[in-house]
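**Student:** Can you read through this structure? Questions will come right after.
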């Protein structure tokens, strides 16, 4: 154990160094050392504090991990009240605010305003004494909040000790605790994995996390903080404007909005509002408007306050993104790939800047989990260009069958057993959340997708039949199924938009050429759910003919290499539909022929039984070509790295797959080594 003086000096060094690294990582987003090195320093400080508890200080980074649970939150009176802002929703209200400011200052000149995003989080106050964080509280009623200091210590980008200089002996920093969108998504994913309730939105998640009596729970949640002002102690600061104040807070180590600016007059305010509105979907956190503050602090003092709000500031709110409405019906929508999606038909409601009449319910599990029924009053959310969704029901407003009973008027939702568009069976694979229509080649809702896939290069390879031509053929009623392609004439195609006679001749020739193919290509072209190129090739090799595949049951199909119960069930479901079998018969009648089995069976199998993963850009080989070469020699190309992967072929700008390979100890090779394997095989 080091001498007390040496230990104290080393602990102080570690605290300072760790906080510098924290600031670089969590505030500047510019890490200065690897995580392993940070962990080493952190554990060293923990060890010193454990051996000598007197070395533990309030600003130690080790205090960010949480402490003993509290019984309750004590009240905390703010040094200066945390007042709310008046709101503006229309440009005329912003212009009226600017006029009131100019009238109050008795000036006709344009006033400069500090402008910044209005964070959608939880307002808090942080008290620092002699540069050390000593107390943190929620806004509460504006006069008294709840002290949540242990929880706020766990928020990584809140400085426990101020940096730089110029801070007074006591200062109260105001700001917002929130949760970034990406962090919120990860948190909800963990909640789902554990079978726990998901959070409705990032704001609720942040508020709930900050008000945990057990600060260890708060420490496990990805909270962030942004500063936007000062309460007590503001008089001691040598700054003239709000913009200068924000620069000073940033210099002390506080994260502040990068999008803040200073504008002139109401025209500048409205231009900034429009700019932030356009950036809103791409911002990493939620905002619900912007805030305008008179930039000069002496002018703020002259304008003062009215009731419980300042005269010098206002919040310009975006249109509401959540609203209440009623579910009038639940319909079924069939997507281009056959996905069956329940959609709530809503009583029209204005939300997120538009009138919303429909909202996605995602899938059957989501409808059941939220228990959405016809007649329910629901919370609808729309953010930016995101498709509106039903967030939750309002249980107490659910209509009952009779006035005094508890039985709901409408039954729970059940997914239909047949496709509402084509009448084919609706199937849901094992461990799949989405149900799908099995009438792929026949279903009108899937028609364009089925035709585009059928004509793709690795399927029937009909050059010139792109998505725009497919759109025109379907929209004009010229093609309903792939079999109809073989009846198209040059004259018919030449009449399409941007399709001359020469192009029409070339396309007819390409369609005619596709009549001769291989069984593997034909199986892939059918667009069977979960059947890719490799599986189609395996099926062709194993059964040798189409009749054998059509007649096979799930047990027989699972004898094919790499065909499991999900893929087998998809194949059986597809061929069980009479519509699909009829279209195959029509294609045969149109002259389609294929070689039985695969000629490649006779070639060398240098990579037989080996699984490879491709990542990055190879020097000379295209990804598709490399994949084809591997599969032609008996290998399999997988999309992700696992312990069962035999090789990872890495090119330039290889990403997470390369990292995963190194982590698992999977051999990593380059293009030259791949070519050697293809030629000579793996030497066991």
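**Student:** Out of 512, 562, 553, 547, which single residue is surrounded by fewer than 17 Cβ atoms within 10 Å (Cβ to Cβ), within 30 Å of residue 665 (Cβ to Cβ) and in the same structural domain as residue 490 (by TED's automatic domain parsing)?
**Tutor:** 562 is the lone residue from the list that is surrounded by fewer than 17 Cβ atoms within 10 Å (Cβ to Cβ), within 30 Å of residue 665 (Cβ to Cβ) and in the same structural domain as residue 490 (by TED's automatic domain parsing).
**Student:** So, in the range 146-166, of the ones that are buried (at least 21 other Cβ atoms within 10 Å of the Cβ) and under 23 Å from residue 246 (Cβ atoms), which residue ends up farthest from the chain's Cα centre (by Cα)?
**Tutor:** Here the residue is 162.
**Student:** Provide a single number: the residues in the range 230-287 that are assigned to a helix (DSSP H, G or I), over 23 Å from residue 179 (Cα atoms) and at pLDDT below 90.
**Tutor:** 3
**Student:** Restricting attention to the range 331-343, which residues are in a loop (DSSP other than H, G, I, E, B) and either in contact with a strand residue (DSSP E or B) (Cβ under 8 Å, 6 or more places away or on another chain) or modelled with pLDDT of 85 or more (or both)?
**Tutor:** Within the range 331-343, 335, 337, 338 qualify.
**Student:** Could you look through the range 20-40, keep only residues that are touching a helix residue (DSSP H, G or I) at 6+ places or on another chain (Cβ under 6 Å) and either in a helix (DSSP H, G or I) or at pLDDT below 65 (or both), and pick out the one that is surrounded by the fewest Cβ atoms within 10 Å (Cβ to Cβ)?
**Tutor:** Once the filter is applied, the top-ranked residue is 30.
**Student:** Still on this structure, please answer the following. Residues that are under 30 Å from residue 636 (Cβ atoms) and within 40 Å of the chain's Cα centre (by Cα): list the helices (runs of 4 or more DSSP H) wholly contained in the range 445-551 that include at least 3 such residues.
**Tutor:** The qualifying helices (runs of 4 or more DSSP H) are 447-455, 519-525, 533-543.
**Student:** Does residue 468 qualify as being surrounded by fewer than 17 Cβ atoms within 10 Å (Cβ to Cβ) and within 28 Å of residue 346 (Cβ to Cβ)?
**Tutor:** No: the conditions fail for residue 468.
**Student:** Still on this structure, I have one more. Among strands (runs of 3 or more DSSP E) lying entirely in the range 108-197, which contain 1 or more residues that are under 30 Å from residue 296 (Cα atoms), at pLDDT 90 or above and in the same structural domain as residue 270 (by TED's automatic domain parsing)?
**Tutor:** 112-119, 122-129, 132-138, 170-178
**Student:** Just to be sure before I move on: is residue 346 modelled with pLDDT of 90 or more and either assigned to a loop (DSSP other than H, G, I, E, B) or outside the structural domain of residue 97 (by TED's automatic domain parsing) (or both) in the structure I sent?
**Tutor:** Yes.
**Student:** Could you say which residue among 372, 380, 351 is closer than 14 Å to residue 326 by Cβ and modelled with pLDDT under 85?
**Tutor:** Residue meeting the stated conditions: 351.
**Student:** Considering each of 624, 538 in turn, give the residue that is in the same structural domain as residue 658 (by TED's automatic domain parsing) and either within 24 Å of residue 456 (Cβ to Cβ) or in contact with a helix residue (DSSP H, G or I) (Cβ under 7 Å, 6 or more places away or on another chain) (or both).
**Tutor:** 624
**Student:** Being in a strand (DSSP E or B) and free of Cβ contacts under 8 Å to residues at least 60 places away in the same chain is the filter here; which residues of the range 290-330 pass it?
**Tutor:** Selection gives 306, 323, 325, 326, 328, 329.
**Student:** Right, here's the next one. Scan the range 617-641 residue by residue and report those that are surrounded by 17 or more Cβ atoms within 10 Å (Cβ to Cβ), touching a strand residue (DSSP E or B) at 6+ places or on another chain (Cβ under 8 Å) and assigned to a loop (DSSP other than H, G, I, E, B).
**Tutor:** 618, 635, 641, listed by residue number.
**Student:** Looking only at the range 477-501, count how many residues are exposed (fewer than 15 other Cβ atoms within 10 Å of the Cβ) and touching a helix residue (DSSP H, G or I) at 6+ places or on another chain (Cβ under 9 Å).
**Tutor:** Residues in the range 477-501 being exposed (fewer than 15 other Cβ atoms within 10 Å of the Cβ) and touching a helix residue (DSSP H, G or I) at 6+ places or on another chain (Cβ under 9 Å): 7 in total.
**Student:** Further, regarding this structure: Give me the residue from the range 415-426 that is surrounded by fewer than 22 Cβ atoms within 10 Å (Cβ to Cβ) and in contact with a helix residue (DSSP H, G or I) (Cβ under 8 Å, 6 or more places away or on another chain) and, out of that set, nearest to residue 486 (Cα to Cα).
**Tutor:** Selected residue: 422.
**Student:** Among the residues in the range 188-195, are any touching a residue at least 40 places away in the same chain (Cβ under 8 Å) and on the phi < 0 side of the Ramachandran plot?
**Tutor:** No, because not a single residue in the range 188-195 is touching a residue at least 40 places away in the same chain (Cβ under 8 Å) and on the phi < 0 side of the Ramachandran plot.
**Student:** Oh, and also: For the range 392-409, give me each residue that is part of a loop (DSSP other than H, G, I, E, B) and surrounded by fewer than 15 Cβ atoms within 10 Å (Cβ to Cβ).
**Tutor:** Of everything in the range 392-409, those that are part of a loop (DSSP other than H, G, I, E, B) and surrounded by fewer than 15 Cβ atoms within 10 Å (Cβ to Cβ) turn out to be 394, 399, 401, 402, 403, 404, 405, 406, 407, 409.
**Student:** Further question: If residue 387 meets every condition in (1) within 17 Å of residue 325 (Cα to Cα); (2) in a loop (DSSP other than H, G, I, E, B); (3) touching a residue at least 40 places away in the same chain (Cβ under 8 Å) apart from one, which number is that one?
**Tutor:** Condition (3) is where residue 387 drops out.
**Student:** Which one of the conditions (1) farther than 26 Å from residue 318 by Cβ; (2) in contact with a helix residue (DSSP H, G or I) (Cβ under 7 Å, 6 or more places away or on another chain) does residue 377 fail to meet, given that it meets all the rest?
**Tutor:** (1)
The values are calculated or read from the model by the stated rules, or taken from the named source; none is laboratory data. In this text, all values refer to a predicted model and were calculated from it rather than measured experimentally. Neighbour counts run over all protein chains shown; Cβ positions are idealised from the backbone, glycine included.
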